1. Name every residue in region 14-32 that is under 16 Å from Ser63 (Cβ atoms) and open to solvent by less than 20 Å² (accessible area, probe 1.4 Å), in order of residue number.
2. Could you list, in sequence order, all residues of region 183-192 that are within 13 Å of Phe93 (Cβ to Cβ) and either surrounded by fewer than 19 Cβ atoms within 10 Å (Cβ to Cβ) or touching a Phe, Trp or Tyr at 6+ places or on another chain (Cβ under 6 Å) (or both)?
3. Show the residue pairs that are 6+ apart or on different chains and have beta-carbon atoms under 8 Å apart, the first residue being within region 73-88 and surrounded by 18 or more Cβ atoms within 10 Å (Cβ to Cβ), the second being modelled with pLDDT under 80 and β-branched (Val, Ile, Thr).
4. State whether one or more residues within region 122-135 are part of a loop (DSSP other than H, G, I, E, B) and either open to solvent by 60 Å² or more (accessible area, probe 1.4 Å) or within 24 Å of Arg254 (Cβ to Cβ) (or both).
5. So, in region 33-55, of the ones that are over 25 Å from Tyr213 (Cβ atoms) and in contact with a Leu (Cβ under 6 Å, 6 or more places away or on another chain), which residue ends up least open to solvent (accessible area, probe 1.4 Å)?
6. Mind listing whichever residues of region 89-101 are within 29 Å of Ser161 (Cβ to Cβ) and either touching a strand residue (DSSP E or B) at 6+ places or on another chain (Cβ under 7 Å) or open to solvent by 40 Å² or more (accessible area, probe 1.4 Å) (or both)?
7. Of the residues that sit in region 212-249 and are acidic (Asp, Glu) and either open to solvent by 70 Å² or more (accessible area, probe 1.4 Å) or over 13 Å from the mean Cα position of the chain (by Cα) (or both), which one is farthest from Leu149 (Cα to Cα)?
8. Answer yes or no as to whether Thr58 is open to solvent by less than 60 Å² (accessible area, probe 1.4 Å), over 24 Å from the mean Cα position of the chain (by Cα), among the β-branched types (Val, Ile, Thr) and at pLDDT 90 or above.
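The values are calculated or read from the model by the stated rules, or taken from the named source; none is laboratory data. A quick note: this is a predicted structure, and the numbers were derived from the prediction, not measured. Cβ placement follows ideal geometry from the backbone for every residue including glycine, while neighbour counts extend to all protein chains displayed. Ligands, DNA and RNA are excluded from the accessible area calculation, which covers all protein heavy atoms including side chains. Shrake-Rupley method; radii C 1.70, N 1.55, O 1.52, S 1.80 Å.
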Amino acid sequence: MSNIYGEWLRAQREAAGLTQQDLANLAIMTRSHIAHIEAGRRIPSKEDARRLDGALNTGDVLSSFLPQEDVAVADYFEAARQLEQQATVIQEFALSLVPGILQTEGYARAVLRPSVIPRSEEECDRLLVTRLERGKILSNPATPLVCVLLDEAVLHRHVGSPEIMAEQLTHIVRMVEQERIRVHVLPFGAGYHPLLQGMLSLMMFDDQPPVAYGEGVLMGRLHDSPALVGTLQRTYTLALGDALPRKESVAFLRAKAREHGQYD
């Protein structure tokens, strides 16, 4: 992924004789936020860019030439993955598939197998390793705090074999029982809700503004705009209010796992 914007920002900072902390102080930002922008992992908000221009006396260059906020997942997945690794709180909504960080090997392999996009076995294996590596963030007993909202369709849809589905749902139940994640099921009876338009991941950080990642058919977008992220957070909260309580959700997951297991 090209990082002309971040490299130019770093060059201007260094030309001004400023450290990242110096610039952060002048622009009323955190040093880590500056570092992520320079490395191409974050896109500043318009207000951040305006303050950076003011701190560096660069006119309106950083404000006028902001990179596109929404980028196809093929170009932006690495940045989204890195943010996922840094997040202290992750809120996931899954419309049709189990979120990547919770996928078992069997389930992930079934999702990544060649279909619309021709893939070699070697490429599928590489993608599988990356997918399973993402799940390792849950090996930390405390961080990130993860809340997963599953549309009921995720529990019914067969991905791979019934055995794979039973194993996958049992894995989620086990993670809840270990108090590593919270899971809520949004039942069909809840009717329409705004999140039905696609998958959503909200990521919060200790020292950076929150971001949102949305995904549809063969496309994904990373959202950095404070206003848009705020709207998505409120939408998530409203949908969560229509979901089953935690205990009922876990019972539902167990029942579906047994149901899938009966067809082994």
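1. Leu23, Ala27
2. Once the filter is applied, which keeps residues that are within 13 Å of Phe93 (Cβ to Cβ) and either surrounded by fewer than 19 Cβ atoms within 10 Å (Cβ to Cβ) or touching a Phe, Trp or Tyr at 6+ places or on another chain (Cβ under 6 Å) (or both), region 183-192 yields Val185, Ala190.
3. Close Cβ pairs satisfying both conditions: Ala80/Val73.
4. No, that holds for no residue.
5. Asp53
6. If the condition is that a residue be within 29 Å of Ser161 (Cβ to Cβ) and either touching a strand residue (DSSP E or B) at 6+ places or on another chain (Cβ under 7 Å) or open to solvent by 40 Å² or more (accessible area, probe 1.4 Å) (or both), then Ile90, Glu92, Phe93, Ala94, Leu95, Ser96, Leu97, Pro99 are the ones that fit.
7. Glu215
8. yes
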